[in-house]
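What follows is a single structure, written as structure tokens, with notes after it.
The values are calculated or read from the model by the stated rules, or taken from the named source; none is laboratory data. In this text the structure is predicted, and so the values were computed from the model without any measurement. Cβ sites come from the backbone with ideal geometry, for glycine too, and all protein chains shown count toward neighbours.
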Amino acid sequence: MQWLTAAGYYQLSGYWYPFREANPSDRQRPLDTFSTGTSFAEVARLYEFDRHLKSKVHSGVERIEVAMRSQLGHLLGEIDPMAHENPANFRPGFDIPDGSKPLVVESPGVEGATHSSIITSPNTVDTYPSGY
């Protein structure tokens, strides 16, 4: 019961899916009964394995991300300390994936300075829910 309370029924339900008996009439939809010998402890072990695997993968990807950002920063810094703000240092359309005109938003920065942010799609938030 502790696992159900902590993780939730729907979170765990994906982990007992492989333990469900095969449906002879429809291979895509297993039966609602479990294979003989299946225990909740097996489902919990699979959940824990997946949780630890996700953590290790995330940690590895984070290290790669940090290393790549650092290397990119060093390379751009060799060109100019403000190279990241000069579009000439990037291929045309680098920051506009679909070729549309970017939306530039000015926001106040430190001590009254302004900071430009480029938003490639003004409807990013609006389009997210419609895709699901």
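Selection of first residues in region 13-24 that are in contact (Cβ under 8 Å) with a residue 24 or more places away in the chain and of second residues that are acidic (Asp, Glu) and surrounded by fewer than 15 Cβ atoms within 10 Å (Cβ to Cβ), restricted to Cβ pairs under 8 Å at least 6 apart or on distinct chains, gives the following pairs, ordered by first then second residue: Tyr15/Asp50. Whether a residue is surrounded by 10 or more Cβ atoms within 10 Å (Cβ to Cβ), under 28 Å from the mean Cα position of the chain (by Cα) and charged (D, E, K, R) was assessed, and Asp50 passes this test.
Test of understanding: among Phe40, Phe49, which residue is in the same structural domain as Pro81 (by TED's automatic domain parsing), out of contact with any Pro (no Cβ under 7 Å at 6 or more places or on another chain) and without any contact (Cβ under 8 Å) to a residue 12 or more places away in the chain?
On the way: Phe40 fails: without any contact (Cβ under 8 Å) to a residue 12 or more places away in the chain.
None of the other options fit; the residue is Phe49.
Listed here are the residues, each with its yes/no results for (1) surrounded by 10 or more Cβ atoms within 10 Å (Cβ to Cβ); (2) in contact (Cβ under 8 Å) with a residue 12 or more places away in the chain; (3) part of a loop (DSSP other than H, G, I, E, B).
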position: Leu4; (1), (2), (3): yes, no, no
position: Leu31; (1), (2), (3): yes, no, yes
position: Thr36; (1), (2), (3): no, no, yes
position: Ala44; (1), (2), (3): yes, yes, no
position: Gly60; (1), (2), (3): yes, no, no
position: Ala67; (1), (2), (3): yes, no, no
position: Leu75; (1), (2), (3): yes, no, no
